[in-house]
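What follows is a single structure, written as structure tokens, with notes after it.
The values are calculated or read from the model by the stated rules, or taken from the named source; none is laboratory data. Just so you know, these numbers come straight off a predicted model, no measurement behind them. Reconstructed Cβ throughout: ideal geometry from the backbone, glycine too, with neighbour counts over all protein chains shown.
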């Protein structure tokens, strides 16, 4: 089985502000960053992927807002493959009601948070109702951690150390830190090592192959391969490109004495049943 734990759905023009789109273009050196999402395009580059977790995102500060109903309709149209997560922005009024609606009325099965993009810390007291609800309803929570191109998004909100605080308060909460928290991978590794129910996904990391190699060597040396979940971050990249890049990492070491990544473990990450781990099967 191959599970993509990290993919998006949205209307590129409708769900982003012009400021967000302009900063995205700047991040690509002035070129257009095509964030168009279609199910057909996803499938065309998803190879043998069996199931896909899909979410939108809410972060008023950064200019991103995808209504959960849009996500639910996308997932319902492709229910044989897709599992939907709701999203909330805790800086905005009514977020608790949106959370309950997304779960109870729309049938979404997890929560996606964007702490840095929305400008909040995951361990803030105002989020206690979210973490209690996630535990009570057995909803996994996937958070963006790591870098961004959005200038107003505070980097401090994205640090993995904040998840350590949450996991100590709510040890039963199943948490996924996206993108291995790059460039804070070392901090991410020690957090997932410490807490039984905290994981990291490896989505959208293959653009920088040597950084990814180094990050996964930290994973290997700390013995936490089993805490990594596969994800693509579509439409930023694809399932096929992500798998191909992972399996080619050791090739760049040819002619060097650098240690090699365990290829059996790389394959195990790709084929890990993340749905069972997160209680989604």
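Residues in segment 168-183 that are under 13 Å from residue 122 (Cα atoms) and touching a strand residue (DSSP E or B) at 6+ places or on another chain (Cβ under 9 Å): 173, 175, 176, 177. For segment 259-281, a tally of residues being more than 21 Å from residue 48 (Cβ to Cβ) and touching a residue at least 24 places away in the same chain (Cβ under 8 Å) returns 4. What tally of residues in segment 110-121 results from selecting those that are part of a loop (DSSP other than H, G, I, E, B) and out of contact with any strand residue (DSSP E or B) (no Cβ under 6 Å at 6 or more places or on another chain)? Count: 4.
Taking the numbered list (1) crowded, with 16+ Cβ neighbours inside 10 Å; (2) at negative phi in turn, residue 57 passes all entries but (2).
Sort out which residues of segment 137-149 are touching a helix residue (DSSP H, G or I) at 6+ places or on another chain (Cβ under 9 Å), surrounded by fewer than 20 Cβ atoms within 10 Å (Cβ to Cβ) and in a loop (DSSP other than H, G, I, E, B), and write them in order of number.
Within segment 137-149, 147, 148, 149 qualify.
Across segment 19-36, which residue is modelled with the highest pLDDT among those that are out of contact with any strand residue (DSSP E or B) (no Cβ under 7 Å at 6 or more places or on another chain) and outside any loop (DSSP other than H, G, I, E, B)? Looking at the filtered set, the residue picked out is 19. Could you list, in sequence order, the residues of segment 24-50 that are touching a residue at least 24 places away in the same chain (Cβ under 8 Å) and touching a helix residue (DSSP H, G or I) at 6+ places or on another chain (Cβ under 6 Å)? The answer is 45, 46, 47, 49. Candidates in segment 96-107 are the residues that are touching a strand residue (DSSP E or B) at 6+ places or on another chain (Cβ under 8 Å) and under 19 Å from residue 64 (Cα atoms); of these, the one that is surrounded by the fewest Cβ atoms within 10 Å (Cβ to Cβ) is 98. Got a sec? Which of 134, 118, 153, 76 is surrounded by 21 or more Cβ atoms within 10 Å (Cβ to Cβ) and farther than 19 Å from residue 64 by Cα? Exactly one residue qualifies, and that residue is 134. Applying the criterion of being over 20 Å from residue 4 (Cβ atoms) and touching a residue at least 12 places away in the same chain (Cβ under 8 Å) to the residues of segment 215-252, the residue that is surrounded by the most Cβ atoms within 10 Å (Cβ to Cβ) is 224.
Every listed requirement among (1) within 23 Å of residue 96 (Cα to Cα); (2) without any contact (Cβ under 8 Å) to a residue 40 or more places away in the chain is met by residue 165 save one, (2).
Residues in segment 1-18 that are at pLDDT below 95 and part of a strand (DSSP E or B): 16 alone. Would segment 37-54 turn up any residue that is surrounded by fewer than 18 Cβ atoms within 10 Å (Cβ to Cβ), modelled with pLDDT under 95 and not in a loop (DSSP other than H, G, I, E, B)? Within segment 37-54, not a single residue is surrounded by fewer than 18 Cβ atoms within 10 Å (Cβ to Cβ), modelled with pLDDT under 95 and not in a loop (DSSP other than H, G, I, E, B).
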